[in-house]
Amino acid sequence: MTSVLKPEQQSISSQQVLQTIKEMKARLEALNREKTEPIAIIGLGCRFPGNADGPDSFWHLLHEGIDAVGEVPPGRWDVDSYYDPNPEAIGKTYTKQGGFIGQVDQFDPLFFGISPREAVSLDPQQRLLLEVTWEALENAGIDPTQLRNSRTGVYVGICTDDYVSNQIVNSVANSVIQSLTNQEITSSVDTYTGIGSSRSMAVGRISHFLGLQGPNIQLDTACSSSLVAVHLACQSLRLKECNLSLVGGVNLILFPGNTLARCQIKALAPDGRCKTFAASADGYGQGEGCGMVVLKRLSDAQADGDTILAVIRGSSTNHDGPSGGLTVPNKKAQQEVIQQALKNAKVEPNQVSYVEAHGTGTTLGDPIELEALAAVYCKNR
(Lines give C-alpha, C1' and ligand atoms only; values in the text may rest on other atoms or scores of the structure.)
Protein backbone atom coordinates (compact mmCIF):
# COMPACT_ATOMS: atom_id res chain seq x y z
CA MET A 1 0.00 0.00 0.00
CA THR A 2 1.40 3.39 -0.96
CA SER A 3 0.51 6.86 0.25
CA VAL A 4 0.67 10.11 -1.60
CA LEU A 5 1.43 13.36 0.19
CA LYS A 6 -0.78 16.30 -0.58
CA PRO A 7 0.99 19.44 -1.92
CA GLU A 8 0.69 21.29 1.40
CA GLN A 9 2.15 18.27 3.23
CA GLN A 10 5.08 18.13 0.77
CA SER A 11 5.74 21.83 1.40
CA ILE A 12 5.78 21.35 5.18
CA SER A 13 8.10 18.33 4.84
CA SER A 14 10.53 20.29 2.64
CA GLN A 15 10.53 23.20 5.07
CA GLN A 16 11.31 20.86 7.95
CA VAL A 17 14.25 19.36 6.03
CA LEU A 18 15.60 22.80 5.16
CA GLN A 19 15.23 23.95 8.77
CA THR A 20 17.07 20.88 10.01
CA ILE A 21 19.88 21.49 7.51
CA LYS A 22 20.12 25.13 8.60
CA GLU A 23 20.29 24.13 12.27
CA MET A 24 22.97 21.52 11.58
CA LYS A 25 24.97 24.03 9.54
CA ALA A 26 24.72 26.61 12.33
CA ARG A 27 25.90 24.07 14.90
CA LEU A 28 28.83 23.08 12.68
CA GLU A 29 29.81 26.71 12.16
CA ALA A 30 29.60 27.36 15.91
CA LEU A 31 31.76 24.31 16.59
CA ASN A 32 34.37 25.47 14.08
CA ARG A 33 34.35 28.95 15.61
CA GLU A 34 34.96 27.47 19.05
CA LYS A 35 37.88 25.38 17.75
CA THR A 36 39.59 28.44 16.29
CA GLU A 37 38.36 31.19 18.62
CA PRO A 38 41.00 33.88 19.29
CA ILE A 39 42.40 33.99 22.81
CA ALA A 40 42.74 37.28 24.69
CA ILE A 41 45.70 38.22 26.88
CA ILE A 42 44.12 40.19 29.72
CA GLY A 43 46.98 40.37 32.22
CA LEU A 44 50.76 40.34 32.40
CA GLY A 45 53.44 40.01 35.07
CA CYS A 46 57.20 39.80 34.57
CA ARG A 47 60.69 40.00 36.08
CA PHE A 48 63.28 40.48 33.37
CA PRO A 49 66.89 41.74 33.20
CA GLY A 50 67.40 45.49 33.20
CA ASN A 51 65.12 46.05 36.21
CA ALA A 52 62.05 45.20 34.12
CA ASP A 53 59.89 44.23 37.08
CA GLY A 54 56.51 44.83 35.48
CA PRO A 55 54.78 45.61 32.15
CA ASP A 56 55.56 49.34 32.25
CA SER A 57 59.26 49.00 33.02
CA PHE A 58 59.56 46.16 30.48
CA TRP A 59 58.00 48.34 27.78
CA HIS A 60 60.38 51.17 28.76
CA LEU A 61 63.35 48.81 28.35
CA LEU A 62 62.17 47.74 24.89
CA HIS A 63 61.20 51.24 23.76
CA GLU A 64 64.54 52.73 24.79
CA GLY A 65 66.60 49.80 23.48
CA ILE A 66 68.33 49.32 26.83
CA ASP A 67 71.12 46.72 26.92
CA ALA A 68 70.33 44.55 29.96
CA VAL A 69 73.35 42.25 29.62
CA GLY A 70 75.90 42.27 32.45
CA GLU A 71 78.25 40.14 34.53
CA VAL A 72 77.13 37.28 36.74
CA PRO A 73 75.80 38.93 39.95
CA PRO A 74 77.85 38.59 43.16
CA GLY A 75 76.72 35.73 45.36
CA ARG A 76 75.89 33.26 42.58
CA TRP A 77 79.35 31.62 42.40
CA ASP A 78 83.04 32.54 42.33
CA VAL A 79 83.02 33.77 38.73
CA ASP A 80 86.77 34.35 38.41
CA SER A 81 87.68 30.84 39.56
CA TYR A 82 85.56 29.35 36.75
CA TYR A 83 86.51 31.86 34.06
CA ASP A 84 89.06 31.40 31.29
CA PRO A 85 88.83 33.37 28.04
CA ASN A 86 90.25 30.37 26.16
CA PRO A 87 87.18 28.49 24.83
CA GLU A 88 89.22 25.27 24.76
CA ALA A 89 89.88 25.32 28.51
CA ILE A 90 88.35 22.28 30.22
CA GLY A 91 86.00 22.90 33.14
CA LYS A 92 85.96 26.66 32.56
CA THR A 93 83.55 29.25 31.19
CA TYR A 94 84.77 31.64 28.52
CA THR A 95 82.06 34.18 29.34
CA LYS A 96 80.98 36.09 32.43
CA GLN A 97 78.12 37.81 30.66
CA GLY A 98 74.38 37.21 30.54
CA GLY A 99 71.00 38.71 31.25
CA PHE A 100 70.50 38.46 35.01
CA ILE A 101 67.83 39.67 37.40
CA GLY A 102 68.44 40.83 40.95
CA GLN A 103 67.13 40.03 44.43
CA VAL A 104 66.32 36.38 43.63
CA ASP A 105 67.11 35.56 47.27
CA GLN A 106 64.36 37.83 48.61
CA PHE A 107 60.93 36.38 49.30
CA ASP A 108 57.98 36.83 51.68
CA PRO A 109 57.04 33.21 52.44
CA LEU A 110 54.29 34.01 54.96
CA PHE A 111 52.31 35.90 52.30
CA PHE A 112 52.08 32.63 50.35
CA GLY A 113 51.43 30.45 53.40
CA ILE A 114 54.95 29.00 53.44
CA SER A 115 56.99 28.62 56.60
CA PRO A 116 60.44 30.26 56.75
CA ARG A 117 62.00 26.82 57.23
CA GLU A 118 60.40 25.48 54.05
CA ALA A 119 61.30 28.66 52.15
CA VAL A 120 65.02 27.90 52.59
CA SER A 121 64.62 24.74 50.47
CA LEU A 122 62.38 26.46 47.94
CA ASP A 123 63.97 26.90 44.51
CA PRO A 124 63.92 30.67 43.78
CA GLN A 125 62.19 29.77 40.51
CA GLN A 126 59.19 28.61 42.56
CA ARG A 127 59.25 31.85 44.53
CA LEU A 128 59.32 33.92 41.34
CA LEU A 129 56.42 32.00 39.82
CA LEU A 130 54.24 32.64 42.86
CA GLU A 131 55.05 36.35 42.94
CA VAL A 132 54.73 36.99 39.21
CA THR A 133 51.52 34.96 38.90
CA TRP A 134 49.95 37.08 41.67
CA GLU A 135 51.13 40.26 39.90
CA ALA A 136 49.72 39.08 36.55
CA LEU A 137 46.31 38.48 38.12
CA GLU A 138 46.38 41.92 39.73
CA ASN A 139 47.33 43.41 36.35
CA ALA A 140 44.28 41.67 34.88
CA GLY A 141 42.05 43.18 37.55
CA ILE A 142 41.32 39.76 39.04
CA ASP A 143 41.23 39.15 42.78
CA PRO A 144 43.38 35.99 43.19
CA THR A 145 41.41 34.94 46.27
CA GLN A 146 38.23 34.71 44.17
CA LEU A 147 39.61 31.93 41.95
CA ARG A 148 39.37 29.16 44.56
CA ASN A 149 37.71 26.00 43.16
CA SER A 150 37.56 27.58 39.70
CA ARG A 151 38.41 25.84 36.42
CA THR A 152 41.59 27.86 35.97
CA GLY A 153 44.49 26.16 34.19
CA VAL A 154 48.21 26.65 34.85
CA TYR A 155 50.82 25.99 32.15
CA VAL A 156 54.49 26.77 32.82
CA GLY A 157 57.73 26.08 30.97
CA ILE A 158 60.74 25.24 33.18
CA CYS A 159 64.00 23.81 31.84
CA THR A 160 66.46 23.88 34.73
CA ASP A 161 66.54 23.13 38.44
CA ASP A 162 70.05 23.52 39.80
CA TYR A 163 69.14 24.97 43.21
CA VAL A 164 69.60 21.66 45.11
CA SER A 165 73.08 21.14 43.66
CA ASN A 166 73.94 24.71 44.58
CA GLN A 167 72.73 24.17 48.16
CA ILE A 168 74.72 20.97 48.56
CA VAL A 169 77.93 22.48 47.22
CA ASN A 170 77.61 25.61 49.34
CA SER A 171 76.95 23.55 52.47
CA VAL A 172 80.21 21.64 52.22
CA ALA A 173 83.31 23.82 52.56
CA ASN A 174 86.22 23.30 50.15
CA SER A 175 84.47 20.49 48.26
CA VAL A 176 83.46 19.96 44.66
CA ILE A 177 80.27 18.22 43.58
CA GLN A 178 82.10 15.14 42.28
CA SER A 179 83.83 14.43 45.59
CA LEU A 180 80.91 14.78 48.02
CA THR A 181 80.32 11.74 50.22
CA ASN A 182 76.91 10.17 50.81
CA GLN A 183 76.98 11.48 54.38
CA GLU A 184 77.67 15.05 53.21
CA ILE A 185 74.87 14.91 50.67
CA THR A 186 72.43 13.37 53.17
CA SER A 187 73.13 16.07 55.73
CA SER A 188 72.22 18.71 53.14
CA VAL A 189 68.80 17.21 52.36
CA ASP A 190 65.76 17.86 54.54
CA THR A 191 62.01 17.30 54.52
CA TYR A 192 61.38 20.07 52.02
CA THR A 193 64.26 19.47 49.59
CA GLY A 194 62.32 17.25 47.18
CA ILE A 195 59.20 19.38 46.81
CA GLY A 196 61.26 22.56 46.99
CA SER A 197 63.24 21.69 43.88
CA SER A 198 60.78 19.67 41.78
CA ARG A 199 59.69 21.37 38.55
CA SER A 200 56.23 19.82 38.66
CA MET A 201 55.82 21.00 42.25
CA ALA A 202 56.75 24.52 41.15
CA VAL A 203 53.66 24.59 38.94
CA GLY A 204 51.47 22.55 41.26
CA ARG A 205 52.22 24.98 44.08
CA ILE A 206 50.48 27.77 42.13
CA SER A 207 47.24 25.79 41.81
CA HIS A 208 47.47 24.66 45.42
CA PHE A 209 48.00 28.17 46.79
CA LEU A 210 45.20 29.71 44.72
CA GLY A 211 42.90 26.68 45.03
CA LEU A 212 42.63 26.15 41.25
CA GLN A 213 41.06 23.01 39.80
CA GLY A 214 41.83 23.32 36.11
CA PRO A 215 44.67 21.57 34.22
CA ASN A 216 48.13 21.95 35.75
CA ILE A 217 51.06 21.25 33.43
CA GLN A 218 54.81 21.76 33.68
CA LEU A 219 56.69 21.23 30.46
CA ASP A 220 60.23 21.34 29.13
CA THR A 221 60.67 21.66 25.38
CA ALA A 222 63.95 23.58 25.72
CA CYS A 223 63.89 27.02 24.06
CA SER A 224 60.22 26.73 23.08
CA SER A 225 58.89 25.75 26.53
CA SER A 226 56.91 28.92 27.26
CA LEU A 227 55.50 29.16 23.74
CA VAL A 228 54.38 25.53 23.78
CA ALA A 229 52.78 26.25 27.16
CA VAL A 230 50.82 29.09 25.53
CA HIS A 231 49.79 26.80 22.66
CA LEU A 232 48.49 24.11 25.03
CA ALA A 233 46.68 26.68 27.17
CA CYS A 234 44.91 28.10 24.11
CA GLN A 235 43.81 24.61 23.05
CA SER A 236 42.53 23.91 26.55
CA LEU A 237 40.51 27.12 26.58
CA ARG A 238 38.98 26.33 23.19
CA LEU A 239 38.07 22.82 24.36
CA LYS A 240 36.57 24.42 27.49
CA GLU A 241 38.72 22.35 29.83
CA CYS A 242 39.21 25.64 31.64
CA ASN A 243 37.77 29.16 31.54
CA LEU A 244 40.94 31.03 32.51
CA SER A 245 44.62 30.15 32.07
CA LEU A 246 47.80 31.31 33.79
CA VAL A 247 50.69 30.72 31.41
CA GLY A 248 54.39 31.49 31.34
CA GLY A 249 57.90 30.39 32.09
CA VAL A 250 60.81 30.89 34.45
CA ASN A 251 64.58 30.47 34.31
CA LEU A 252 67.36 31.27 36.77
CA ILE A 253 71.10 30.58 36.52
CA LEU A 254 72.09 29.83 40.09
CA PHE A 255 74.99 27.43 39.65
CA PRO A 256 77.79 27.34 37.01
CA GLY A 257 77.09 23.77 35.87
CA ASN A 258 74.82 24.63 32.94
CA THR A 259 77.05 27.51 31.84
CA LEU A 260 80.06 25.17 31.90
CA ALA A 261 78.21 22.64 29.74
CA ARG A 262 77.12 25.26 27.21
CA CYS A 263 80.64 26.61 26.95
CA GLN A 264 81.97 23.12 26.26
CA ILE A 265 79.80 22.89 23.13
CA LYS A 266 80.58 26.53 22.18
CA ALA A 267 76.90 27.50 22.36
CA LEU A 268 77.35 30.80 24.21
CA ALA A 269 78.50 34.12 22.83
CA PRO A 270 81.61 35.34 24.72
CA ASP A 271 80.10 38.82 25.15
CA GLY A 272 76.73 37.40 26.29
CA ARG A 273 74.86 38.95 23.36
CA CYS A 274 72.96 37.08 20.66
CA LYS A 275 73.80 38.56 17.24
CA THR A 276 70.97 36.92 15.35
CA PHE A 277 71.20 36.79 11.53
CA ALA A 278 74.53 38.70 11.62
CA ALA A 279 77.85 37.70 10.09
CA SER A 280 79.36 38.19 13.55
CA ALA A 281 77.05 35.59 15.13
CA ASP A 282 79.07 33.56 17.66
CA GLY A 283 76.46 31.95 19.94
CA TYR A 284 73.53 33.02 22.06
CA GLY A 285 73.32 35.02 25.26
CA GLN A 286 71.82 33.15 28.19
CA GLY A 287 69.45 34.97 30.48
CA GLU A 288 67.09 34.82 33.41
CA GLY A 289 63.55 35.90 33.95
CA CYS A 290 59.97 35.03 34.72
CA GLY A 291 56.89 35.96 32.74
CA MET A 292 53.22 35.07 33.23
CA VAL A 293 50.18 36.01 31.16
CA VAL A 294 46.48 35.62 31.95
CA LEU A 295 44.46 34.15 29.07
CA LYS A 296 40.74 34.01 28.41
CA ARG A 297 38.56 33.24 25.39
CA LEU A 298 38.11 36.48 23.45
CA SER A 299 34.30 36.31 23.56
CA ASP A 300 34.40 35.89 27.35
CA ALA A 301 36.92 38.71 27.78
CA GLN A 302 34.72 41.05 25.74
CA ALA A 303 31.60 40.02 27.64
CA ASP A 304 33.36 40.53 30.99
CA GLY A 305 34.72 43.95 30.01
CA ASP A 306 38.35 42.92 30.48
CA THR A 307 41.24 45.05 29.27
CA ILE A 308 42.59 43.16 26.25
CA LEU A 309 46.35 43.64 25.90
CA ALA A 310 46.71 41.44 22.81
CA VAL A 311 44.98 38.63 20.95
CA ILE A 312 46.38 35.22 20.03
CA ARG A 313 44.70 34.21 16.78
CA GLY A 314 46.48 30.94 16.11
CA SER A 315 49.40 28.72 16.98
CA SER A 316 50.96 25.44 15.98
CA THR A 317 53.69 23.12 17.18
CA ASN A 318 55.84 20.37 15.66
CA HIS A 319 59.32 18.87 15.83
CA ASP A 320 62.06 19.26 13.21
CA GLY A 321 62.37 15.48 12.98
CA PRO A 322 65.25 14.35 10.75
CA SER A 323 67.88 17.03 10.24
CA GLY A 324 71.64 17.51 10.07
CA GLY A 325 71.93 16.86 13.80
CA LEU A 326 70.02 16.77 17.09
CA THR A 327 70.33 20.55 17.54
CA VAL A 328 70.15 21.48 13.82
CA PRO A 329 66.87 22.97 12.47
CA ASN A 330 64.91 21.49 9.56
CA LYS A 331 63.82 24.11 7.03
CA LYS A 332 60.87 22.11 5.67
CA ALA A 333 59.49 21.36 9.14
CA GLN A 334 59.82 25.01 10.17
CA GLN A 335 57.94 26.13 7.06
CA GLU A 336 55.16 23.68 7.80
CA VAL A 337 54.66 24.77 11.41
CA ILE A 338 54.52 28.44 10.35
CA GLN A 339 52.00 27.67 7.62
CA GLN A 340 49.82 25.68 10.03
CA ALA A 341 49.85 28.50 12.58
CA LEU A 342 48.78 30.97 9.88
CA LYS A 343 46.02 28.60 8.76
CA ASN A 344 44.76 28.22 12.32
CA ALA A 345 44.81 31.99 12.74
CA LYS A 346 43.08 32.56 9.38
CA VAL A 347 45.80 35.06 8.51
CA GLU A 348 47.58 35.44 5.16
CA PRO A 349 51.40 35.58 5.25
CA ASN A 350 51.49 39.06 3.70
CA GLN A 351 49.31 40.37 6.55
CA VAL A 352 52.14 39.73 9.04
CA SER A 353 54.41 42.74 9.53
CA TYR A 354 56.52 41.67 12.52
CA VAL A 355 58.23 38.38 13.35
CA GLU A 356 60.09 37.52 16.54
CA ALA A 357 62.53 34.75 15.67
CA HIS A 358 64.21 32.07 17.73
CA GLY A 359 67.62 33.17 16.39
CA THR A 360 70.30 31.17 18.20
CA GLY A 361 73.02 33.43 16.85
CA THR A 362 74.87 30.65 15.03
CA THR A 363 76.14 30.45 11.45
CA LEU A 364 74.52 27.00 11.12
CA GLY A 365 71.04 27.50 12.57
CA ASP A 366 70.29 31.13 11.67
CA PRO A 367 70.36 30.75 7.85
CA ILE A 368 68.01 27.75 8.02
CA GLU A 369 65.52 29.66 10.16
CA LEU A 370 65.75 32.77 7.99
CA GLU A 371 65.19 30.75 4.82
CA ALA A 372 62.10 29.10 6.32
CA LEU A 373 60.68 32.50 7.35
CA ALA A 374 61.39 33.96 3.92
CA ALA A 375 59.81 31.01 2.10
CA VAL A 376 56.50 31.64 3.89
CA TYR A 377 56.31 35.36 4.63
CA CYS A 378 57.82 36.75 1.41
CA LYS A 379 54.94 35.56 -0.75
CA ASN A 380 52.88 38.31 -2.43
CA ARG A 381 55.06 41.11 -1.13
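The values are calculated or read from the model by the stated rules, or taken from the named source; none is laboratory data. Here the structure is a predicted model, which is why all the values come from computation and not from measurement. Here the Cβ is made from the backbone with ideal geometry for all residues, glycine too, and neighbour counts use every protein chain on show. In case anyone asks, the SASA skips ligands and DNA or RNA and just uses the protein heavy atoms, side chains included. Shrake-Rupley method; radii C 1.70, N 1.55, O 1.52, S 1.80 Å.
Here THR317 clears all of (1) of a type in the set (Val, Ile, Thr); (2) in contact (Cβ under 8 Å) with a residue 24 or more places away in the chain; (3) in a helix (DSSP H, G or I) except the condition numbered (3).
Of all residues in region 304-323, exactly one satisfies the criterion of being among the hydroxyl-bearing types (Ser, Thr, Tyr), more than 17 Å from the chain's Cα centre (by Cα) and more than 13 Å from GLN334 (Cβ to Cβ), namely THR307.
When ILE66, ILE158 are screened for being in contact with a helix residue (DSSP H, G or I) (Cβ under 9 Å, 6 or more places away or on another chain), open to solvent by less than 20 Å² (accessible area, probe 1.4 Å) and within 29 Å of ALA269 (Cα to Cα), only ILE158 passes. Scanning region 329-346 for residues that are open to solvent by 50 Å² or more (accessible area, probe 1.4 Å), over 24 Å from THR363 (Cβ atoms) and touching a helix residue (DSSP H, G or I) at 6+ places or on another chain (Cβ under 7 Å) gives a single hit, GLN339. Looking at GLN126, GLN146, just one residue is assigned to a helix (DSSP H, G or I), within 18 Å of GLY196 (Cβ to Cβ) and either of a type in the set (S, T, N, Q) or free of Cβ contacts under 8 Å to residues at least 12 places away in the same chain (or both), and that residue is GLN126.
Can you report the number of residues in region 330-376 which are small (Gly, Ala, Ser), part of a helix (DSSP H, G or I) and either in contact with a Lys or Arg (Cβ under 6 Å, 6 or more places away or on another chain) or closer than 23 Å to ALA40 by Cα (or both)?
Here the count works out to 3.
Open to solvent by less than 60 Å² (accessible area, probe 1.4 Å) and in contact with a Cys (Cβ under 9 Å, 6 or more places away or on another chain), is that true of ALA119? No.
Scanning region 1-59 for residues that are modelled with pLDDT of 95 or more and either touching a Phe, Trp or Tyr at 6+ places or on another chain (Cβ under 8 Å) or β-branched (Val, Ile, Thr) (or both) yields ILE39, ILE41, ILE42, GLY45, CYS46, PHE48, PRO49, ALA52, PHE58. Can you report the number of residues in region 74-116 which are in contact with a helix residue (DSSP H, G or I) (Cβ under 9 Å, 6 or more places away or on another chain) and closer than 22 Å to GLU131 by Cβ? Residues meeting the conditions: 16. Just to verify a result, which residue in region 81-97, among those that are surrounded by 14 or more Cβ atoms within 10 Å (Cβ to Cβ) and touching a residue at least 24 places away in the same chain (Cβ under 8 Å), is nearest to LYS266 (Cα to Cα)? If we take residues in region 81-97 being surrounded by 14 or more Cβ atoms within 10 Å (Cβ to Cβ) and touching a residue at least 24 places away in the same chain (Cβ under 8 Å), then PRO87 is nearest to LYS266 (Cα to Cα).
Contact map, region 217-230: residues that are touching a residue at least 60 places away in the same chain (Cβ under 8 Å) paired with residues that are buried (at least 19 other Cβ atoms within 10 Å of the Cβ) and of a type in the set (Lys, Arg), Cβ distance under 6 Å, separation 6+ or inter-chain. Pairs shown: GLN218/ARG199. The combined condition, being in a loop (DSSP other than H, G, I, E, B), aliphatic (A, V, I, L, M) and farther than 21 Å from CYS159 by Cα, is not fulfilled by ILE101. Screening region 217-311 for helices (runs of 4 or more DSSP H) wholly inside it with 1 or more residues that are among the aliphatic types (A, V, I, L, M) and open to solvent by 60 Å² or more (accessible area, probe 1.4 Å) returns the ranges 225-238, 298-304.
Checking TYR163, TYR192 one by one, the residue that is modelled with pLDDT of 50 or more, open to solvent by 30 Å² or more (accessible area, probe 1.4 Å) and in contact with a Pro (Cβ under 9 Å, 6 or more places away or on another chain) is TYR163 and no other. Would you point out the residue of region 349-374, among those that are of a type outside the set (A, V, I, L, M) and touching a helix residue (DSSP H, G or I) at 6+ places or on another chain (Cβ under 7 Å), that is least open to solvent (accessible area, probe 1.4 Å)? Filtering region 349-374 for residues that are of a type outside the set (A, V, I, L, M) and touching a helix residue (DSSP H, G or I) at 6+ places or on another chain (Cβ under 7 Å), the one least open to solvent (accessible area, probe 1.4 Å) comes out as GLY359. Annotation note: Cβ proximity below 6 Å between a residue of region 109-121 that is touching a residue at least 24 places away in the same chain (Cβ under 8 Å) and a residue that is open to solvent by 20 Å² or more (accessible area, probe 1.4 Å) and outside any helix (DSSP H, G or I) (sequence gap 6+ or interchain) occurs for GLU118/TYR192; SER121/TYR192.
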